[in-house]
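Structure first, commentary second.
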Amino acid sequence: MGFIRESFGTALSLILSLDWEVFSAVWTSISVAGWSIVFASVLGIPLGLAIGIAEFPLKRLVITLLNTLMAMPTVVIGLLVYGLVSRQGPFGEWGLLFTPWAMVIGQTVLAIPIVANYTLSAVKGADSRILPTALTLGASLFQSVVQLSREVRFGIMAAVIAGFGRVISEVGVAMMLGGNIRGYTRTMTTAIALETSKGEFAFGLALGIILMTVALLINLLLNYMQQR
């Protein structure tokens, strides 16, 4: 217990002293996860709405594929994106590998199925009369979809929060595409893995506390918005 208590005290000291290395990893994590969930939402929410509203022959197969993609290992996504952005890949000339933007691409791919699936579930759980009623009252298809989106906004909000929680706690993609470069692509999760393996348990604990605090604040924000 003495080791845990001493490490916890050191971790709090690192946080309260605004240690540069700690908060550099925090900022990288939040910025990469933020951009990733923005792009994933722009792509995933319309995808989930389209699959939920439309009727087509292979719909069940598409939903099964979407569910499968939610469980795809992060290292597989990292491997695929690595092949695209490495020097030998089709986008190698852009120099994206081992940059924050490579991590954003990988985490966006990771989050799209999550956002789309949660949005799809929200649409399936909504009253099936919303869309036909709006169309009957003279609304265009776009206006009807907007009205449906307003009705399921809490489900869509949950989709975004779930996607953000997934990407900010991710390790495999960040390690493979970012390279864990100190002060540049090192995130909270990759720093925790590295520093703990080096025996710097207090440093990893400090980042773990901040990571859990970020997750708590995001959930409090969701609850507040739902109550409003």
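Side notes on the structure shown:
- Near-label residues of region 21-47 by backbone N, under 11 Å of a point 7 Å along Cα→Cβ of residue 182: 21
- Neighbour-limited loop hits for chymotrypsin sites (Phe, Trp or Tyr not before Pro), region 138-228 (at most 14 other Cβ within 10 Å; DSSP other than H, G, I, E, B): 184
- Residue 124 paired with residue 4, simple spin-label distance in nm, labels 7 Å along Cα-to-beta-carbon: 4.1
- Extension gain for residue 143-residue 197 works out to 14.1 nm (0.36 nm per residue, less the C-alpha to C-alpha distance).
- Entry note, the chain: the mean residue ellipticity at 222 nm calculated from DSSP H runs of n ≥ 4, each adding -39500 (n - 2.57), is -26000 deg cm²/dmol after division by the residues and rounding to the nearest 500.
- Using R0 = 30 Å, the C-beta based FRET efficiency linking residue 13 and residue 43 works out to 0.10.
- Computed from Cα atoms, the angle from the helix 20-53 axis to the main principal axis of the chain rounds to 20 degrees.
- The charge dipole of region 2-227, taken about its Cα centre with unit charges on the Cβ of Lys, Arg, Asp and Glu (plus for the first two, minus for the last two), comes to roughly 440 debye.
- Cβ-Cβ distance of residue 76 and residue 133, R₀ of 30 Å, FRET efficiency by 1/(1 + (r/R0)^6): the value works out to about 0.10.
- With Cα atoms, 0 to 90° folded angle of helix 141-151 axis to the chain main axis: 50
- Ranked list, fewest to most other Cβ atoms within 10 Å of each Cβ, for 141, 43: 141, 43
- The chain: angle of helix 74-85 to the longest principal axis, Cα-based, in degrees nearest 10: 90
- Each peptide in 169-182, 45-58 was scored by the mean count of other Cβ atoms within 10 Å over its residues; highest first, the order is 169-182, 45-58.
Values in this text are rule-based calculations from the coordinates and carry no lab data. All values reported here derive from a predicted model rather than from experimental measurement. Quick reminder, even Gly has a Cβ in these numbers, built from the backbone with ideal geometry, and neighbours come from all protein chains shown.
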